[in-house]
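Step one of this worksheet: look at the structure below.
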Amino acid sequence: MTRTRRAATAVVLALVLPLPVVAATPALATPALATPTLAGTAAAHRTVAATDTASSPAELPAPTGPHAVGRDILHLVDEHRQDPWVPSAGPRQLMVSVYYPARPGTGGAAPYMTTEAARLMLQMKVPGTTIPPEAVSGTRTWSHTDAIPLHGRFPLVLLSPGFTMPRTEITSLAEDLAGRGYVVALVDHTYENSGTTFPDGQTLTCTVCDDPDAYPPQAIEDSRAKDLSFVIDALTSHRHPASPFVHMIDSKRIGVAGHSLGGASAVPTMAHDQRVLAGVNLDGTMFVPIPDNGLGGRPFMMIGHPTGTDEDPTWTDAWGWLKGWKRWLTFTGSNHASFTDVPLLADKLGIPEPPGTTLSPQRSVQLTRTYVAAFFDLHLRGIAEPILNGSTSAYPEVGFHAP
């Protein structure tokens with residue numbers, strides 16, 4: 001196999017920006033180029049009235065694991081690295097939601113996101129909408145703030161959201177993994193999403209979105225890899241302010257996953273950080289290719305939506321270069337956003353899914369949770385997971401590229 005894909009990474013970032021209000025077109029409906037939108041038609045967006053959405057907020061599906069879920073929000077500052085997108089801002093600053101197994105009945109209900117972050121997300125994804133931001137920020141979660149952590153040591157999984165999307169887009173996956181016995185670090189990559197709210201109340205917007213041509217996708221993936229490695233440092237070092245979690249985390253069992261550009265960032269993260277033992281890419285184009293050593297034989301799984309015969313060439317290239325355990329799965333009837341909370345929110349807000357979507361929001365969440373958890377259970381816990389070996393009648397929507 002030739003590695004011609006390396007020369008193709010000059011694709012401009014404009015290609016991965018969402019269409020403002022229309023559904024994804026066939027040309028964009030691939031893991032390579034689509035990003036999650038609260039998508040439908042312009043008319044559909046504008047007919048969603050505030051009274052239709054504010055009466056009862058959306059609710060995430062309950063976690064399926066045996067544990068209650070705690071959540072803590074950390075403000076992390078990397079004093080050894082200048083912000084790559086806004087150098088004048090000084091050291092790189094990140095907001096991270098940490099989900100963890102907790103003692104039942106402790107803590108208070110955790111909000112989904114701040115109202116300002118929700119407003120900015122709606123403004124970017126659904127221009128001209130009358131949807132009140134509270135309809136999104138008020139989404140019910142199943143995690144609890146100030147919950148008492150369970151005793152024990154648990155594997156750590158880092159999660160990275162799609163480009164332009166806040167970290168909250170994969171909250172349901174984070175909560176489910178924590179309920180199953182993982183510590184989960186859900187990372188906002190500052191200046192790369194619609195809005196990140198900091199402890200001082202300031203919400204920083206997407207600088208990278210202002211001039212896509214100036215920020216190659218591979219540079220963003222590499223930057224995210226540095227973000228994620230720093231988060232590992234912060235959560236596993238006794239010398240860092242985030243060290244209270246060091247007593248819960250088994251630093252020898254670390255995985256990474258993400259959606260879209262966040263999923264693709266699993267590749268450079270694993271390539272540059274040997275502490276990360278396993279990775280999952282949820283529907284993201286890999287602008288940074290698999291290194292020649294095939295990630296050292298470490299396991300990697302790709303899950304995407306159907307693309308017909310127009311296969312993402314970066315996935316084809318990656319498949320040939322992965323040297324360890326690997327899977328390439330497709331969820332029939334899904335779209336690019338199906339691996340996130342976005343379809344759940346869109347359904348509640350009355351915004352239609354892109355044409356061709358037949359997988360319900362609830363089923364897409366179930367499938368994503370099931371297969372991501374099975375992957376990490378197998379590779380971070382050594383638990384046999386037969387569903388990863390091939391098609392099963394319990395999940396007929398899941399197709400295997402090549403087991």
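The values are calculated or read from the model by the stated rules, or taken from the named source; none is laboratory data. In this text the structure is predicted, and so the values were computed from the model without any measurement. As a convention, Cβ positions derive from the backbone with ideal geometry for all residues, glycine included, and neighbour counts pool all protein chains shown.
Need pairs with beta-carbon distance below 6 Å; first residue of a type in the set (Asp, Glu) and within region 71-89, second part of a strand (DSSP E or B) and surrounded by 13 or more Cβ atoms within 10 Å (Cβ to Cβ); sequence gap 6+ or separate chains.
Asp72/Val98; Asp78/Arg92; Asp83/Arg92
From (1) of a type in the set (Gly, Ala, Ser); (2) over 20 Å from Gly162 (Cα atoms); (3) modelled with pLDDT of 95 or more, pick out the condition that doesn't hold for Ala271.
Unmet condition: (2).
Could you check, for region 275-289, whether at least one of its residues is over 23 Å from His189 (Cβ atoms), outside any loop (DSSP other than H, G, I, E, B) and either touching a residue at least 24 places away in the same chain (Cβ under 8 Å) or among the hydrophobic types (A, V, I, L, M, F, W, C) (or both)? Quick ask: steps written out before the conclusion?
Within region 275-289, the subset over 23 Å from His189 (Cβ atoms) is none.
The answer is no; no qualifying residue exists.
Can you tell me which residues in region 355-379 are over 18 Å from Leu60 (Cα atoms) and crowded, with 24+ Cβ neighbours inside 10 Å?
Phe375, Phe376, His379, listed by residue number.
Among the candidates Thr368, Thr357, single out the residue that is on the phi < 0 side of the Ramachandran plot, without any contact (Cβ under 8 Å) to a residue 60 or more places away in the chain and not basic (Lys, Arg). Give the steps one after another, and end with the answer.
Working: Thr368 fails: without any contact (Cβ under 8 Å) to a residue 60 or more places away in the chain.
Among Thr368, Thr357, only Thr357 is on the phi < 0 side of the Ramachandran plot, without any contact (Cβ under 8 Å) to a residue 60 or more places away in the chain and not basic (Lys, Arg).
Take residues that are farther than 23 Å from Ser160 by Cα and tell me which of the strands (runs of 3 or more DSSP E) falling wholly in region 290-403 contain 2 or more. Even if it seems obvious, please write down each step before you answer.
Numbers: elements: 300-304, 326-331, 398-400.
By residue number, 398-400.
Six or more apart or on different chains, Cβ atoms under 6 Å: show the pairs whose first residue is in region 207-219 and closer than 11 Å to Thr164 by Cα and whose second is of a type in the set (D, E, K, R).
Pairs that qualify, where the first residue is closer than 11 Å to Thr164 by Cα and the partner is of a type in the set (D, E, K, R), are Val208/Glu192.
For the list (1) in contact with a Leu (Cβ under 9 Å, 6 or more places away or on another chain); (2) within 23 Å of Leu235 (Cα to Cα); (3) of a type in the set (A, V, I, L, M, F, W, C), I need the number of the one condition that Val136 fails.
Only one criterion in (1) in contact with a Leu (Cβ under 9 Å, 6 or more places away or on another chain); (2) within 23 Å of Leu235 (Cα to Cα); (3) of a type in the set (A, V, I, L, M, F, W, C) is unmet by Val136, namely (2).
Can you pull out the residues in region 178-218 that are closer than 23 Å to Ser251 by Cβ and outside any loop (DSSP other than H, G, I, E, B)? Explain how you work it out, then say what you get.
Looking only at region 178-218, we keep the residues that are closer than 23 Å to Ser251 by Cβ, and these are 178-189.
Matches in region 178-218: Ala178, Gly179, Val183, Val184, Ala185, Leu186, Val187, Asp188.
Just to check your reading of the model, which residue among Glu221, Glu175 is closer than 26 Å to Gly65 by Cα and either among the acidic types (Asp, Glu) or in a strand (DSSP E or B) (or both)? Spell out how you get there, then give the answer.
On the way: Glu221 fails: closer than 26 Å to Gly65 by Cα.
Within the list Glu221, Glu175, the selection yields Glu175.
I'd like to verify a number: residues in region 373-397 that are within 18 Å of Leu156 (Cβ to Cβ) and touching a helix residue (DSSP H, G or I) at 6+ places or on another chain (Cβ under 9 Å), how many?
Of the residues in that region, 6 qualify.
Might you let me know whether region 275-286 holds any residue that is touching a His at 6+ places or on another chain (Cβ under 9 Å) and over 15 Å from Ala225 (Cα atoms)?
In the first step, residues of region 275-286 are kept if they are touching a His at 6+ places or on another chain (Cβ under 9 Å); the result is 277-278, 281-284.
Those left that are additionally over 15 Å from Ala225 (Cα atoms): 282-283.
The answer is yes, given that some residue of region 275-286 is touching a His at 6+ places or on another chain (Cβ under 9 Å) and over 15 Å from Ala225 (Cα atoms).
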